[in-house]
Amino acid sequence: MATYNFKNEAEVYIDAGLGKIRLDVTKDLSFSQTFTDNTYEQKTLHAQHKLHDASNITKANPANFSFTIPAITETELDTVFNLLVNFQSGTYNLSSFTLFIKLPNDVYKLENCVITNGTFIIEKLQNLKLTVTGQASRLTRGNTSFDSFTGGSRTPHYMKELSVFFGSTQLTEGVHNVSVELQNNIEWTPYETVNKALNIGTTHNVNTTMYPSNFTLKKRVLSGSVAQYVLSTFNSDVQNWKKNVSVLITAGNGLSGSSFRGFKFNLSTCSFTNRNTVGDTFSQSYDWIMNQNPTNLGSLITYN
């Protein structure tokens, strides 16, 4: 009898050079890779019946993946957080890593992965989460003897305290939605060299497929939004905008000594636009973007 693979049975592991670490993927797991079919016309003067194009498949597009993991007090999230935020040592590029998705009957492997987007999920009465999306050079299937790792205990970071400052102004009441997103815009180096083209020859099959070889970080965008009810005690910023303003957002379990436990975004140079939102209750939405260029973004975005 045939057996099926179900997503709720999937185990996700990451290897960033220090061995495999199991991630607690809670939802939204997806991964795939497509191939490029450059068709060409077959109809000629002597073959008028050839109305269907022929296929020429030699290249693969970058693979895509995404998943959501909870923020926990153990170190497993640190690996993902560092790959999203920090530069590779000695460069202004991002580090690559390998992902494994283990199922009862199969193991999928994503090679040369890079995180292109990270969304910090901050919801009242919920534990903090991080949703990541990214790309990889190659997706393969096999290796059913893959070893499992339990990953140890897990202690989630609940969102007990939330504080938002725009400049010296604290949004103390009525904040009902906060989002922060980091975009890493990358460009893949095509896997197209003279040697590779010659190696393909005239026989094309899946083993001669050309995969993207490497990537370069071209641009970064750190932005977010804060939604707050319009109150009689706080309404001065409605339909307003400001530049060169600092943004300080802390969300998590609160202080532990001098450090804040959870996500902290301490940005000195940002701009925001504020717009009115009409619903059952009137709100104002601060849409902000960071304008500074730190050499170490990990000093401004921290997870403790």
### Task
Collect the residues in the range 131-167 that are out of contact with any Asp or Glu (no Cβ under 8 Å at 6 or more places or on another chain), at pLDDT below 80 and on the phi > 0 side of the Ramachandran plot, keeping them in residue-number order.
Asn143
### Message
Tally up the residues in the range 225-264 that are touching an Asp or Glu at 6+ places or on another chain (Cβ under 6 Å) and at positive phi, please.
### Response
1
### Message
Suppose we filter Phe97, Phe81, Phe87 for residues that are within 26 Å of Pro190 (Cα to Cα) and under 14 Å from the mean Cα position of the chain (by Cα); which single one remains?
### Response
Phe97
### Task
Would you be able to say whether some residue in the range 84-99 is in contact with a Ser or Thr (Cβ under 6 Å, 6 or more places away or on another chain) and more than 30 Å from Val175 (Cα to Cα)?
yes
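Residues of the range 65-78 being among the polar types (S, T, N, Q) and out of contact with any strand residue (DSSP E or B) (no Cβ under 6 Å at 6 or more places or on another chain), which ones? Lay out the reasoning, then the answer.
Initially, the range 65-78 is screened for residues among the polar types (S, T, N, Q), giving 66, 68, 73, 75.
Listed by number, the residues that qualify are Thr73, Thr75.
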### Test: residue in the range 207-217 that is at pLDDT 85 or above, over 23 Å from Glu111 (Cβ atoms) and among the polar types (S, T, N, Q)
no
### Query
Do you know which residues across the range 225-237 are modelled with pLDDT under 80 and either surrounded by 16 or more Cβ atoms within 10 Å (Cβ to Cβ) or in contact with a strand residue (DSSP E or B) (Cβ under 9 Å, 6 or more places away or on another chain) (or both)?
Phe234, Asn235, Ser236, Asp237
#### Entry: Top-ranked residue in the range 48-80 [being at pLDDT 80 or above and small (Gly, Ala, Ser); ranked as farthest from Lys20 (Cα to Cα)]
Ala60
### Query
Of the numbered conditions (1) touching a residue at least 60 places away in the same chain (Cβ under 8 Å); (2) under 28 Å from Phe265 (Cα atoms), Lys124 satisfies every one except a single condition; which is it?
(1)
### Message
When you scan the range 168-185, do you find a residue that is buried (at least 16 other Cβ atoms within 10 Å of the Cβ), more than 24 Å from the chain's Cα centre (by Cα), modelled with pLDDT under 75 and outside any strand (DSSP E or B), even just one?
### Response
no
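Picking from Thr36, Thr26, Thr58, Thr73, which residue would you name as being over 22 Å from Leu94 (Cα atoms), among the hydroxyl-bearing types (Ser, Thr, Tyr), touching a helix residue (DSSP H, G or I) at 6+ places or on another chain (Cβ under 8 Å) and surrounded by 11 or more Cβ atoms within 10 Å (Cβ to Cβ)? Don't jump to the end; show me each part of the working.
On the way: Thr36 fails: touching a helix residue (DSSP H, G or I) at 6+ places or on another chain (Cβ under 8 Å); Thr26 fails: touching a helix residue (DSSP H, G or I) at 6+ places or on another chain (Cβ under 8 Å); Thr73 fails: touching a helix residue (DSSP H, G or I) at 6+ places or on another chain (Cβ under 8 Å).
Of the residues listed, the single one that is over 22 Å from Leu94 (Cα atoms), among the hydroxyl-bearing types (Ser, Thr, Tyr), touching a helix residue (DSSP H, G or I) at 6+ places or on another chain (Cβ under 8 Å) and surrounded by 11 or more Cβ atoms within 10 Å (Cβ to Cβ) is Thr58.
Residues being modelled with pLDDT of 90 or more and aromatic (Phe, Trp, Tyr): count how many of those fall in the range 186-197.
Pass one, the range 186-197, residues modelled with pLDDT of 90 or more: 186-188.
With aromatic (Phe, Trp, Tyr) added as a condition, the list becomes 188.
So the answer is 1.
Are there strands (runs of 3 or more DSSP E) fully within the range 204-304 with at least 3 residues that are polar (S, T, N, Q) and closer than 18 Å to Asn184 by Cα? List them. Steps first, please.
On the way: elements: 214-229, 240-256, 259-277, 283-290, 301-303.
Output list reads 214-229.
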### Message
Which residue is surrounded by the most Cβ atoms within 10 Å (Cβ to Cβ), if the candidates are limited to the range 1-23 and must be at pLDDT 85 or above and β-branched (Val, Ile, Thr)?
### Response
Ile14
### Message
For the range 255-282, give me each residue that is closer than 21 Å to Glu161 by Cα, surrounded by 14 or more Cβ atoms within 10 Å (Cβ to Cβ) and either at pLDDT 90 or above or not hydrophobic (A, V, I, L, M, F, W, C) (or both).
### Response
Arg261, Gly262, Phe263, Lys264, Phe265, Asn266, Leu267
### Task
Only one of these is among the β-branched types (Val, Ile, Thr), out of contact with any Phe, Trp or Tyr (no Cβ under 8 Å at 6 or more places or on another chain) and more than 30 Å from Ala54 (Cβ to Cβ): Val226, Val230, Val221, Val206. Name it.
Val221
### Task
Just give me the residues in the range 264-304 being of a type in the set (A, V, I, L, M) and without any contact (Cβ under 8 Å) to a residue 12 or more places away in the chain, in sequence order.
Val278
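The values are calculated or read from the model by the stated rules, or taken from the named source; none is laboratory data. Please read all numbers here as calculations on a predicted model, not as lab measurements. Methodologically, a virtual Cβ is constructed for each residue, glycine included, from the backbone with ideal geometry; neighbour enumeration extends over all protein chains shown.
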